[in-house]
Amino acid sequence: MGALKKIKARIPWGLIFNLFIIGLTIFLVVYFIFSKDGFIDLLNSGMKINVLWLILAVGMHLLNIAIDATILYLFVKESTPHFTVGNAIVVSMVGQFYCAVTPGASGGQPMQVLSMTRMGVKGANGTAALIQKFLVWQFTLTTYSIVAMIAKFSMFVGSLDFAMWVLTAIGFTGQVITIVVLLLASFNKAVTSKVIGGIFKLLGKFHLMKNVDKKIKNLDETLTTFHDCNKALNKNKALVVKVYVLTFVQLTVLFLIPYCIAMSFGNEGVNMFDMICAQSYVSMVSGLVPLPGGSGAAEYCFSQFFGSFFSPQMIKSAILLWRTITYYATIMISLPFAAVRKKKNTDQPSADSKTFAE
């Protein structure tokens, strides 16, 4: 048994998982380019692609990133006056990269918090801003998807096979649970402290965490600052309205990208509202799939919901262009920001930043 445990411990599971994701990504790209009715066949068919619509699609994605940085700036500026627009752009790009390359976008927010602490933002203030921002995103996306489902119920039902029903159930349940957990963490300090403190103690009993009492003390200090920041944010009604409006615009811009791709293929008869509704549903269902970028699930959902908007000869190329603009290009654009900068000042780190570093 001891030898077996040593062998298991030596297996680089993280590396294996990363290689699997890289392999899956390469396979999907090659498949959509070279398979029958893939991108090469589309080009060889003589069909003319309207490049201006593709440029507009790219512009939509860049606008999405700009709005993301703007919302981040508005939230963080409330607690940290010296936080600049330039800082917000850098932190937003850090989030874009690590959300794209980590399972379930789990690495984005922690790396953004680390990046902000290097800019002089307290860990608790940065975390509060990011959780508020994420809560607004999740609530707006879920509401958007529910409204889209009601408005286009027959279209959605007709697109759902058994696998899609399963993904729908998982995606919708995951979105609701996420919102409930974030609301609890944002507004009930006592319950949050007891739950996380209990988890810390349990991990300590199994020798999976060291310095449990110290970490619980740091947790209480961080939660106090965190909840004070949340109260201040929620008192600013103008800010709340502004970020919800901006998030709605941001989502709409993202959801218009498939429409721009359809128009570039000459599909002028497609309904813009129908495509926005379809994309909102794809985003909700594939967003919580625990793979970087929802690889596999995103492509499958797109093929199911957009099969009626693109012919069989176009759907693979549409998926390739959509993923290239919204996912692969995002990684390339944000890659230069992936390295978190060193802290500029020589001050000792605060209790807030210690909590997230430990």
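Considering (1) more than 18 Å from the chain's Cα centre (by Cα); (2) part of a helix (DSSP H, G or I); (3) within 16 Å of M155 (Cα to Cα); (4) not aromatic (F, W, Y), the lone condition that V270 does not fulfil carries the number (2). From S317, S303, S308, S280, which residue is farther than 22 Å from Y98 by Cα, among the hydroxyl-bearing types (S, T, Y) and free of Cβ contacts under 8 Å to residues at least 40 places away in the same chain? When all the criteria are applied, what remains is S303. Yes or no: G86 among the small types (G, A, S), without any contact (Cβ under 8 Å) to a residue 40 or more places away in the chain and either surrounded by 16 or more Cβ atoms within 10 Å (Cβ to Cβ) or assigned to a helix (DSSP H, G or I) (or both)? Yes: the conditions hold for G86.
When you look at V136, is it under 16 Å from the mean Cα position of the chain (by Cα), among the β-branched types (V, I, T), at pLDDT 90 or above and buried (at least 18 other Cβ atoms within 10 Å of the Cβ), yes or no?
Answer is no for this residue.
Condition check for G123 on (1) in contact with a Phe, Trp or Tyr (Cβ under 6 Å, 6 or more places away or on another chain); (2) small (G, A, S); (3) within 30 Å of N267 (Cβ to Cβ): one failure, at (3). Applying a threshold of 7 Å to beta carbon distances and a minimum spacing of six or more residues, or different chains, the list of pairs starting in region 121-142 at a residue that is more than 13 Å from D68 (Cα to Cα) and free of Cβ contacts under 8 Å to residues at least 12 places away in the same chain and ending at one that is buried (at least 21 other Cβ atoms within 10 Å of the Cβ) and of a type in the set (K, R) is empty.
Given the condition in a loop (DSSP other than H, G, I, E, B), surrounded by 16 or more Cβ atoms within 10 Å (Cβ to Cβ) and modelled with pLDDT under 95, answer yes or no: does some residue in region 21-29 qualify? Looking for residues that are in a loop (DSSP other than H, G, I, E, B), surrounded by 16 or more Cβ atoms within 10 Å (Cβ to Cβ) and modelled with pLDDT under 95, one finds none in region 21-29, hence no.
Of the helices (runs of 4 or more DSSP H) lying entirely inside region 139-213, those containing at least 2 residues that are surrounded by fewer than 17 Cβ atoms within 10 Å (Cβ to Cβ), within 21 Å of the chain's Cα centre (by Cα) and at pLDDT 75 or above are 162-187.
The values are calculated or read from the model by the stated rules, or taken from the named source; none is laboratory data. All of these numbers come straight from a predicted model, not from anything done at the bench. Neighbour counts are summed over all protein chains in view; Cβ atoms, including those assigned to glycine, are modelled from backbone coordinates with ideal geometry.
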